Amino acid sequence: MIRRMHGFRSLQRRQLSEIVRFTDQHPMVYSPKSQSFVPLTKRQWDVARWNRCAPFYASEWMPMYRPIYDRVVEQCVKEVKSEEYPSFLDICSGAGEPSLSLAKRFPGAEIVSADLAATNIRVGKLRASKAKASNVLFQYADAEDLQFDSDSFDVVVCCLGLMYCDVEVALEQMSRVAKSGSPVCVVLFGPLHQLDHIQPFKMAIESQRTTPDMDLAPSIFDNRLAVEAAMKRVGLTKIRCEESSVEFKIFGNSWDKVWERGFGRYFDGWLATTSEQGELNKTLPEALENAKMVYFQTAQEKGFVVENREGDNSALFKFPRNTIITLVGYKP
């Protein structure tokens, strides 16, 4: 039987809808002095984007990333000297992962799940309540400016979040709040061509562009060497790297339902940006519908679509090869 994430599928649709309405604000900052709207900074845009997509990331993508969270827990089991009362800081935790997975494995631990998006924190609290995880504290925090005392945590973790930050600044903050001798663990995506789950996404986006060859977020994929160099510059020692390949699954019994629950909103954001850049080869609604078709066709051609026999609890897509990189360094 496929395991479900803590509280994901049990979140009521009404609760998620309320969260979406809560965060669906005008993407501008109001200035009372000038009685006008001023453009958001890049950082504010980042927060607005993550707030908007948080419920869908939690319900669709985080269950798919379960194998990664399991690897993080395995790594932390190796690193923790005493399992009785360790303290963890999980940076860029989203809606509480791997924090809640760590809470299950270390019930006596003190775990801080920190994220920049308030909606992620709100969704995470709902999940923690469903999972009865009383040892997780959800905290608003900017990875580039952590408001925690120095030398506070036994383990500091950042899973699939460092690539959205100024890497060196965030690593410097993570090192600062770690106790002396404690590990700082960073999990990254491998090279783009070694990520099966990204291939249909990339093909679908490229098919809607006037210039199809697209360098899809180079800072997100295969940035191991840059991160490793930054870890050395901030003073982390005994740095080691581990590569592993994991299988991802997307759950559901209908591609249309999966699209409606989350995928469509991710494509909408990417295509809207492409449209603003003048690189969309059709209208936005047409591109969105066409991208949906291309994604499914590409997944079929590559053998990623699997037959469903168990209703909503079965896998709709299976991506067998996805390279994940784990970097661990120690604060002197």
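The values are calculated or read from the model by the stated rules, or taken from the named source; none is laboratory data. Just so it is clear, the model here is predicted, and its values are computed rather than measured. Only protein heavy atoms, including side chains, enter the accessible area calculation; ligands, DNA and RNA are left aside. Shrake-Rupley method; radii C 1.70, N 1.55, O 1.52, S 1.80 Å.
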Query raised in the report: Excluding same-chain residues fewer than 8 positions from Lys81, which lysines have a Cα within less than 21 Å of its Cα?
Result: Lys104, Lys179, Lys238, Lys331
Requested in this report: Please list, or write none, the lysines whose alpha carbon is within less than 19 Å of the alpha carbon of Lys318, excluding same-chain residues fewer than 8 places away.
Outcome: Lys202, Lys249, Lys257, Lys292, Lys302
Query raised in the report: Reachable aspartates and glutamates from Lys78, Cα under 20 Å, same-chain residues fewer than 8 places away excluded?
Result: Asp70, Asp90, Glu97, Glu110, Asp154, Glu242, Glu243
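Expected output is a single nm value to one decimal: the length gained when fully extending between Glu243 and Thr283, i.e. 0.36 nm times separation in residues minus the C-alpha distance. What is it? Walk me through the numbers on the way to the answer.
Values: separation 40, 0.36 × 40 = 14.40 nm, distance 4.09 nm.
This chain segment gains 10.3 nm when fully extended.
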Report summary line: With all protein chains present and a 1.4 Å probe, the order of Tyr69, Tyr164, Tyr266 from largest accessible area down is Tyr164, Tyr266, Tyr69
Query raised in the report: Where the convex hull is taken over the Cα atoms of the range 86-206, what is its projected area averaged over directions, in nm²?
Result: 8.6 nm²
